[in-house]
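Visitor: Just passing along the structure, written as structure tokens.
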Ligand code: AKB
């Protein structure tokens, strides 16, 4: 890698910038590096987005290369993927898309001496072979969804590019992410966002998981801060080149319902578990994130109570201002 990179300005490309995490991370990166140094990209343009946006289908390596050269990109955040529940509808297509887009990004990074790359992994890499409580970073990985298999393989490819080519790829295994700014899509943990929307709209919630299905979750602010802190850490401190476990908090649907009922005592919930319960039953209940704490100082700030009060306050304000059209209410 060229030594001049240290003196070059940082230009970030986000692939998958319209997604739940991508849309919020894009704003955080613009605050950090300046609006003109952040290139948002996705399959479709985002209505009302004011800064630089490029249409990129990440299965097309030439298109990624073109944008990297055009803007002299120095860092890539590759967030595009098909998630756990959606992925089960078309397993082979999910594998193709998740892996092809990752290989394309890694190859463009290698060929263009990209300074740093971020690749998100997930708690979906774990399966029955890992302890359910306090799942360690180096637990056995036997994922049972195609999304989990693609993330476990992706982590190893990330490490391969680091070991073989010195590419500075960094990764986090996200728990379910809960935020008011954007909507999740196609995940098993999505219920934990939807439930707050229903509470604020004073509608009944149908939960696709069992009431005691405890899963690791994280508030969006913590998830974004973790990503920025990992990417800021000195290279020599990054001891894990597959992916870091990070914990926020763990809760079950029954626990979040109890918390919401402190503010909405009449909130009604019906439990109607579907195939997503099967997926959730193989994922950890809680996560050991001591490697992330030791290497780059990770510490979550939000618990269930603060997540609930923030979600409800922010969503109430959004719904008050606008219609019930969720897409137009976000960000
Ligand atoms: C999903 O539920 O698929 C995602 C994840 C935990 O990676 N939110």
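The values are calculated or read from the model by the stated rules, or taken from the named source; none is laboratory data. The shown structure was predicted, so the numbers you read here are calculated from the model rather than taken from an experiment. A quick note on method: Cβ atoms are made from the backbone with ideal geometry, for glycine too, and the neighbour counts reach across all protein chains shown.
Visitor: For residue 231, are the conditions met, namely being touching a strand residue (DSSP E or B) at 6+ places or on another chain (Cβ under 8 Å), outside the structural domain of residue 197 (by TED's automatic domain parsing) and crowded, with 16+ Cβ neighbours inside 10 Å?
Guide: Details: touching a strand residue (DSSP E or B) at 6+ places or on another chain (Cβ under 8 Å): yes; outside the structural domain of residue 197 (by TED's automatic domain parsing): yes; crowded, with 16+ Cβ neighbours inside 10 Å: yes.
So residue 231 fits the description; yes.
Visitor: Can I ask one more? Can you name every residue in the stretch 270-295 that is in contact with a helix residue (DSSP H, G or I) (Cβ under 8 Å, 6 or more places away or on another chain), surrounded by fewer than 19 Cβ atoms within 10 Å (Cβ to Cβ) and in the same structural domain as residue 198 (by TED's automatic domain parsing)?
Guide: Residues satisfying the conditions are 271, 275.
Visitor: Which of the strands (runs of 3 or more DSSP E) found entirely inside the stretch 154-208 contain at least 1 residues meeting this: in the same structural domain as residue 311 (by TED's automatic domain parsing) and away from the ligand (no atom under 16 Å from the Cβ)? Spell out the reasoning first.
Guide: On the way: elements: 169-174, 176-178, 205-207.
Those strands (runs of 3 or more DSSP E) span 205-207.
Visitor: So, one more: Could you go through the stretch 62-75 and let me know if any residue there is touching a residue at least 12 places away in the same chain (Cβ under 8 Å), closer than 24 Å to residue 162 by Cα and either within 16 Å of the ligand (Cβ to nearest atom) or assigned by TED's automatic domain parsing to the domain that holds residue 276 (or both).
Guide: no
Visitor: Right, another one. If only one of 101, 26, 94 is assigned to a helix (DSSP H, G or I), within 15 Å of the ligand (Cβ to nearest atom) and surrounded by 23 or more Cβ atoms within 10 Å (Cβ to Cβ), which one is it?
Guide: Numbers: 101 fails: within 15 Å of the ligand (Cβ to nearest atom); 26 fails: within 15 Å of the ligand (Cβ to nearest atom).
It is 94.
Visitor: Something else now. Of the residues that sit in the stretch 50-80 and are in a helix (DSSP H, G or I) and in contact with a helix residue (DSSP H, G or I) (Cβ under 7 Å, 6 or more places away or on another chain), which one is farthest from residue 13 (Cα to Cα)? Spell out how you get there, then give the answer.
Guide: Restricting attention to the stretch 50-80, the residues satisfying the condition of being in a helix (DSSP H, G or I) are 61-71.
Narrowing further to those that are in contact with a helix residue (DSSP H, G or I) (Cβ under 7 Å, 6 or more places away or on another chain): 61, 64-65, 68.
On the way: 61: 14, 64: 9, 65: 11, 68: 8 Å.
The qualifying residue farthest from residue 13 (Cα to Cα) is 61.
Visitor: Please indicate, with yes or no, whether at least one residue in the stretch 117-124 is modelled with pLDDT of 95 or more and part of a loop (DSSP other than H, G, I, E, B).
Guide: Within the stretch 117-124, the subset modelled with pLDDT of 95 or more is 117-124.
Pick out the ones that are also part of a loop (DSSP other than H, G, I, E, B) and you get none.
The answer is no; no qualifying residue exists.
Visitor: Oh, and also: For the stretch 35-48, how many residues are surrounded by 14 or more Cβ atoms within 10 Å (Cβ to Cβ) and at pLDDT 95 or above?
Guide: Within the stretch 35-48, the subset surrounded by 14 or more Cβ atoms within 10 Å (Cβ to Cβ) is 37-42, 46.
Right, trim to at pLDDT 95 or above and you get 37-42.
Final tally of qualifying residues: 6.
Visitor: If we scan the stretch 104-113, do we find a residue that is crowded, with 17+ Cβ neighbours inside 10 Å and in a loop (DSSP other than H, G, I, E, B)?
Guide: Within the stretch 104-113, the first condition is being crowded, with 17+ Cβ neighbours inside 10 Å, and the residues that meet it are 104-106, 108-109.
From what is left, the residues that are in a loop (DSSP other than H, G, I, E, B) are none.
No.
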